[in-house]
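Take a look at the structure below.
The values are calculated or read from the model by the stated rules, or taken from the named source; none is laboratory data. Only a predicted model underlies this, so the values are computations on that prediction, with no experimental measurement involved. Reconstructed Cβ throughout: ideal geometry from the backbone, glycine too, with neighbour counts over all protein chains shown. With ligands, DNA and RNA removed, areas are computed over all heavy atoms of the protein, side chains included. Shrake-Rupley method; radii C 1.70, N 1.55, O 1.52, S 1.80 Å.
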Amino acid sequence: MKQLLTSIDLVIECRDYRVPLTSRNPLFEKALEGKERVIVYTKRDLGGGPRDQKNEELIRGWHKGSTVMFVRNGEEERENRKATGRVLEVLREHAEKRWKLVGHRVMVVGMPNVGKSTLLNALRGLGLGKGKVARTGAQPGVTRKIGSGVKIIPSEDDVTQGKGERGVGGGVYLLDTPGVFIPYVPDAEAMMKLALCGSVKDTIISPVVLADYLLFHMNLVDPKLYADYTPGPTNDIVELLELIAKRTGRFGKGGKTDHEATALWMIQKWRRGEMGRFVFDRVDEEGLMKARLEEEEMQPSMNQARKMERERRRARNIARGES
Ligand SMILES: Nc1nc2c(ncn2[C@@H]2O[C@H](COP(=O)(O)OP(=O)(O)OP(=O)(O)O)[C@@H](O)[C@H]2O)c(=O)[nH]1
C-alpha cells in the first residue's frame, strides 16, 4: 500500500453519510499521512432530515484543511448527478494545477459497501459521458488503464480540438480499492451501525438484534416510520416482527413467524430508504469532540502496534541472518 501511495496524486476517502463518525477509520490516518485528500460522504439520499444542513456544516468544520463533499448516487439519482459532477470538477481542477503528461492518479478508499465503485462509475459516466468526449488516435478511452486505474477524465490527446471539450494532461485515472480496507470497529454499537449500513456481513450479527437496534433509532427519530405495521409505537422488536410477518406473510414451518427472515426483510427495506432516512451518529460539537478524543486515546495503542511490528521484522531479519 505504501508503495502504491507514492504514485498517487490524490486520495478520495469515502464515508457513509448515515454514520459520519463510525465510518471513519483512524487507522487510515497513518497510512494516508501527507496525502492530499477529498472526503466524500456517500449515500446522502439515505440520511435525509431537517438538521442536515447543520450536520454538513459541522462535518465540514471537522475536516478543516480537506475538501469535503456529499453525494447521492442511489438508483433514484441516476438522472441527477449534480453533486458527483462537483466531485469531478474538484478532480479536474486538482489535475489541471499539477498538469502531468503521464496522467493524474486518484485512489478511492473507504470501508466495504460505502459506495466506492458506484462513485467511480458515476464519475466515469460523467467524465467520459457519451457524446461528450471525442477520442482520437489509438486511445481506447474508458477502459484504458494505468496500473489498475480507470480513466474518468480524458487526456488532452483524447479530445477533438475546437469542440469545447476539456482534456487534462495525460488524463485522470481512478483506482478503486475493493475489499482492501476493513472497517474500524471500536465497540459493539459501532458494529451494529456498520452492519445495518452493510459494511459488515449480515451473518455476523443476528438480524433480530440488528432490527432491534434499528427500532430503537426509529423510535428516537419518529415511531411513525413503521406505522404501516403497528397501531402505535412499540419498543418490543418481537411484537413488531410478528405484526410485519402478519402483513407480509413471512411464516416458517407450522405457521410460526420466521423472526430472522422478517428482521432481514425489515433491515433491507430500511436500507432502500423505505422505512425512514436518518443519520445514526450524533453529529454535534460534543459528538465530534468525543470522536476526536477517542482517536487521541487510540494513539498509544497504535504506536505500540507499530513498535511491535518493527520488533517482529527485526526478529525475522535476524533469523534470516540479514542483520
Ligand atoms: N441510495 C444510495 N445507494 C448507494 C449510493 N452509493 C452506492 N450505493 C449502493 O450501495 C451498494 C454498495 O455500493 P458499491 O459501490 O458496490 O460499494 P463499494 O464501496 O465499492 O463496496 P466494496 O467493493 O465492497 O468495497 C450498492 O448497492 C450501491 O447501489 C448512494 O449514494 N445512495
From Arg51, Arg37, grab the single residue that is modelled with pLDDT of 75 or more and among the basic types (Lys, Arg). Arg37
Quick one: in segment 57-86, which of the residues that are near the ligand (Cβ under 9 Å from one of its atoms) and in a loop (DSSP other than H, G, I, E, B) is surrounded by the most Cβ atoms within 10 Å (Cβ to Cβ)? Val71
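Before we move on, is Val283 modelled with pLDDT under 90, open to solvent by less than 40 Å² (accessible area, probe 1.4 Å), within 22 Å of the chain's Cα centre (by Cα) and not acidic (Asp, Glu)? Write out each step before concluding.
Values: modelled with pLDDT under 90: yes; open to solvent by less than 40 Å² (accessible area, probe 1.4 Å): yes; within 22 Å of the chain's Cα centre (by Cα): yes; not acidic (Asp, Glu): yes.
In short, yes.
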When you go through Thr262, Thr203 one by one, which is the residue that is polar (S, T, N, Q) and surrounded by 13 or more Cβ atoms within 10 Å (Cβ to Cβ)? Thr262
Could you tell me how many of the residues in segment 104-121 are more than 6 Å from the ligand (Cβ to nearest atom) and open to solvent by 20 Å² or more (accessible area, probe 1.4 Å)? 2
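So, of the residues in segment 219-234 that are out of contact with any Asp or Glu (no Cβ under 8 Å at 6 or more places or on another chain) and of a type in the set (Val, Ile, Thr), which turns out to be nearest to Phe278 (Cα to Cα)? Spell out how you get there, then give the answer.
To start, the set of residues in segment 219-234 that are out of contact with any Asp or Glu (no Cβ under 8 Å at 6 or more places or on another chain) comprises 219-229, 231-234.
Filter again for of a type in the set (Val, Ile, Thr), leaving 221, 234.
Working: Val221: 8, Thr234: 19 Å.
Across segment 219-234, the extreme among qualifying residues is Val221.
Return the residue satisfying two criteria in turn: it lies in segment 185-194 and is in a loop (DSSP other than H, G, I, E, B) and modelled with pLDDT of 85 or more, and of such residues it is surrounded by the fewest Cβ atoms within 10 Å (Cβ to Cβ).
So, considering only residues that are in a loop (DSSP other than H, G, I, E, B) and modelled with pLDDT of 85 or more, the one surrounded by the fewest Cβ atoms within 10 Å (Cβ to Cβ) is Asp187.
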Tell me which of these Val221 doesn't satisfy, since it passes every other one: (1) surrounded by fewer than 17 Cβ atoms within 10 Å (Cβ to Cβ); (2) free of Cβ contacts under 8 Å to residues at least 40 places away in the same chain. (2)
Mind checking whether some residue in segment 241-249 is at pLDDT below 85 and either surrounded by 12 or more Cβ atoms within 10 Å (Cβ to Cβ) or not assigned by the TED database to the domain that holds Arg72 (or both)? yes
Given Leu119, Leu32, Leu58, Leu27, which one is touching a residue at least 24 places away in the same chain (Cβ under 8 Å), aliphatic (A, V, I, L, M) and over 16 Å from Phe181 (Cβ atoms)? Leu58
Would you check if Leu101 is away from the ligand (no atom under 15 Å from the Cβ), under 20 Å from Pro154 (Cβ atoms), open to solvent by less than 10 Å² (accessible area, probe 1.4 Å) and touching a residue at least 24 places away in the same chain (Cβ under 8 Å)? no
Return yes when Asp212 is open to solvent by less than 70 Å² (accessible area, probe 1.4 Å), closer than 22 Å to Arg18 by Cα and at pLDDT 95 or above and no when it is not. yes
Return the total of residues in segment 21-50 being open to solvent by less than 10 Å² (accessible area, probe 1.4 Å), assigned to a loop (DSSP other than H, G, I, E, B) and in contact with a Leu (Cβ under 9 Å, 6 or more places away or on another chain). 2
As an exercise: evaluate Pro233 against (1) surrounded by fewer than 17 Cβ atoms within 10 Å (Cβ to Cβ); (2) within 22 Å of the chain's Cα centre (by Cα); (3) not basic (Lys, Arg); (4) not in a helix (DSSP H, G or I) and give the number of the one condition it does not meet. (2)
Among the residues that make up segment 153-161, is at least one of them within 25 Å of the chain's Cα centre (by Cα), at pLDDT 85 or above, within 16 Å of the ligand (Cβ to nearest atom) and closer than 28 Å to Arg37 by Cα? no
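Any chance you could count how many residues in segment 1-20 are surrounded by 14 or more Cβ atoms within 10 Å (Cβ to Cβ) and out of contact with any strand residue (DSSP E or B) (no Cβ under 7 Å at 6 or more places or on another chain)? Give the steps one after another, and end with the answer.
So the first thing to find is which residues in segment 1-20 are surrounded by 14 or more Cβ atoms within 10 Å (Cβ to Cβ), and the list is 4-5, 8-20.
Add one more test, that the residue is out of contact with any strand residue (DSSP E or B) (no Cβ under 7 Å at 6 or more places or on another chain), and what stays is 4-5, 18-19.
The total comes to 4.
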Only residues that are under 22 Å from Met107 (Cα atoms) and in contact with a Phe, Trp or Tyr (Cβ under 9 Å, 6 or more places away or on another chain): list them for segment 178-200, please. Phe181, Tyr184
In segment 215-258, how many are among the hydroxyl-bearing types (Ser, Thr, Tyr) and over 24 Å from Arg18 (Cβ atoms)? 2
